[in-house]
Amino acid sequence: MPARITNWAGNIVFAAEQLHRPDSVEALQAVVAGSERLRVLGTGHSFNRIADTPGDLVSVADLPIRLELDDAARTVTVSAGTRYAEVTAFVQDAGFALHNLGSLPHISVAGACATGTHGSGTGNGVLGTAVRALELVRPDGELMTIGADDPRLAGAVVSLGALGVVTALTLALEPSFDVAQVVVDDVLHQALLADLPEVMGSAYSVSAFTDWADPLRWQVWRKHRIKKGGPVPASDLLGGRLADGARHPVPGVDPVHCTQQLGVAGPWNERLPHFRREFTPSSGEELQSEFMVPLLHARAAVEAVAEVRELIAPLLMICELRAIAADDLWLSMAQGRESLALHFTWVRDEAAVAPVVAAIEARLAPFAARPHWGKVFTAERDALRLLYPHWDDFVALLADTDPTGKVRGDFVGAFFPH
């Protein structure tokens, strides 16, 4: 490769022989057709080797930008490498919105959808649930479109990049709306857990943060969806207190890059992420893990994690709870069940973090916890295949689309061997 390339966190050095940056779909097709093994690199916000390959690495960042609005259908078609910050500004200017966003608006649309990335809200599906069609280059170099009326779409959205190279996605839109973000400090552990599903459903999007240190406290972020000019709903303080200033998810970090809080209403795209689009992170000295359990087991799952908090706290930057609506995407972590996501941001020490992640997985195993495909986990194929009812359907889709495993890479290939 022309230079040492790493993921965003810097914990993965890609092993590819060559990095390709085609500037047209036709050039991309030629690269894919001529490669023996290939993987796609997005914005690098995964924390494991899911994007790595010993063959060719391909970036779609230089493909022609597509931002094509269909007012009548309420959809927007975007090029795969487009970042959410760019898409959301475009559709907001046109009076539309996406249903939800992740915490960081700098990730690419294709990469986020392919790994099941999500925001929060008991009524909000993962980001990929907005996909109505996608265009991709198959492993043989042929261009293919999978539309809303194609049953394969449910398997192609969260595909782990294993079907080919996505070049464009069509996303569902709705009318623009405003959001007001309110933060509550110092919520006691038992007050949060008393009815955790209710807390997680108490606003359009809700996050709860803790560092698992003594004394155990939570910080609850509520993002209320409101009518333009309308009032902000009163928040149940859960025994805590309203924040008297802006907050960053990680204690002690300057909140200058965080989106507006303190109940000040603004457009959805400037409130649903935790971080401002004007802030462009260069790298992150961190690791991340995340596990989804059925929301009906939320309290028991959090209490199970609390059993190993003495292992967690020394290595943890922050833990976040989020809720996600059930969906029908075959490899989505929320497939078939309303879910609670337990997210852990760690210091970047892989050797120290690995056994702690394994301990968390052991505590969450009774709740059929599904790990985020793009983050750090230790679960293996035999365990994961039992957690996804459509696993064999996805295997059949792979056999039809990529029978030789050309675009799977070693990481995905370990779960879906050819």
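The values are calculated or read from the model by the stated rules, or taken from the named source; none is laboratory data. Here the structure is a predicted model, which is why all the values come from computation and not from measurement. Positions of Cβ are generated from backbone atoms using ideal geometry, with glycine treated the same way; all protein chains shown enter the neighbour counts.
Of note:
- Residue check, LEU398 touching a residue at least 12 places away in the same chain (Cβ under 8 Å), more than 21 Å from the chain's Cα centre (by Cα), surrounded by 18 or more Cβ atoms within 10 Å (Cβ to Cβ) and part of a helix (DSSP H, G or I): yes
- Selection count where residues are in contact with a His (Cβ under 6 Å, 6 or more places away or on another chain) and part of a strand (DSSP E or B), scope the stretch 179-209: 1
- Among the residues of the stretch 211-263, those that are of a type in the set (A, V, I, L, M) and loosely packed, with under 13 Cβ neighbours inside 10 Å comprise ALA234, LEU242, VAL256.
- Qualifying residue in the stretch 219-234 (condition: free of Cβ contacts under 8 Å to residues at least 60 places away in the same chain and among the aromatic types (Phe, Trp, Tyr)): yes
- Inter-residue pairs, beta-carbon under 9 Å, first closer than 19 Å to LEU216 by Cβ and without any contact (Cβ under 8 Å) to a residue 60 or more places away in the chain and in the stretch 315-339, second of a type outside the set (Ser, Thr, Tyr) and part of a loop (DSSP other than H, G, I, E, B), 6+ apart: LEU315/ASP349
- Residue under evaluation LEU19, criteria (1) surrounded by 15 or more Cβ atoms within 10 Å (Cβ to Cβ); (2) part of a loop (DSSP other than H, G, I, E, B), criterion not met: (2)
- If the condition is being surrounded by 20 or more Cβ atoms within 10 Å (Cβ to Cβ) and without any contact (Cβ under 8 Å) to a residue 24 or more places away in the chain, then the stretch 146-159 contributes only ILE146.
- Counting only strands (runs of 3 or more DSSP E) that sit completely within the stretch 217-325, those holding 1 or more residues that are out of contact with any Lys or Arg (no Cβ under 9 Å at 6 or more places or on another chain) correspond to 217-226, 316-324.
- Where a residue in the stretch 103-129 is on the phi > 0 side of the Ramachandran plot and its partner, wherever it lies, is small (Gly, Ala, Ser) and at pLDDT 95 or above, with Cβ under 7 Å and at least six apart: GLY116/GLY128; GLY116/SER332; GLY121/SER205; GLY121/ALA323
- Per the listing ALA162, ALA97, ALA133, the residue uniquely in contact with a Ser or Thr (Cβ under 6 Å, 6 or more places away or on another chain), within 19 Å of GLN335 (Cα to Cα) and in contact (Cβ under 8 Å) with a residue 24 or more places away in the chain is ALA133.
- The residue of the stretch 220-250 that is modelled with the lowest pLDDT, among those that are over 14 Å from PRO267 (Cα atoms) and of a type in the set (Gly, Ala, Ser), is SER235.
- In the stretch 289-306 there is at least one residue matching the filter, namely being touching a residue at least 12 places away in the same chain (Cβ under 8 Å), under 16 Å from SER205 (Cα atoms) and touching a strand residue (DSSP E or B) at 6+ places or on another chain (Cβ under 8 Å).
- Qualifying residue in the stretch 59-71 (condition: at positive phi, surrounded by 20 or more Cβ atoms within 10 Å (Cβ to Cβ) and either among the charged types (D, E, K, R) or in contact with a strand residue (DSSP E or B) (Cβ under 6 Å, 6 or more places away or on another chain) (or both)): no
- Looking only at residues of the stretch 133-145 that are surrounded by 22 or more Cβ atoms within 10 Å (Cβ to Cβ) and within 22 Å of the chain's Cα centre (by Cα), we find that the one that is nearest to HIS224 (Cα to Cα) is LEU134.
- Screening the candidates ILE318, ILE360, ILE324 for the property of being buried (at least 19 other Cβ atoms within 10 Å of the Cβ) and in contact with a Pro (Cβ under 7 Å, 6 or more places away or on another chain) yields one hit, ILE318.
- Within the stretch 378-395, tally of residues that are surrounded by 15 or more Cβ atoms within 10 Å (Cβ to Cβ) and under 21 Å from LEU127 (Cα atoms): 5
- Filtering the stretch 213-226 to residues that are under 21 Å from THR259 (Cβ atoms) and out of contact with any Asp or Glu (no Cβ under 7 Å at 6 or more places or on another chain) leaves TRP218, VAL220, TRP221, ARG222, LYS223, HIS224, ARG225.
- Test: residue in the stretch 186-201 that is touching a strand residue (DSSP E or B) at 6+ places or on another chain (Cβ under 9 Å), aliphatic (A, V, I, L, M) and within 17 Å of TRP268 (Cα to Cα): no
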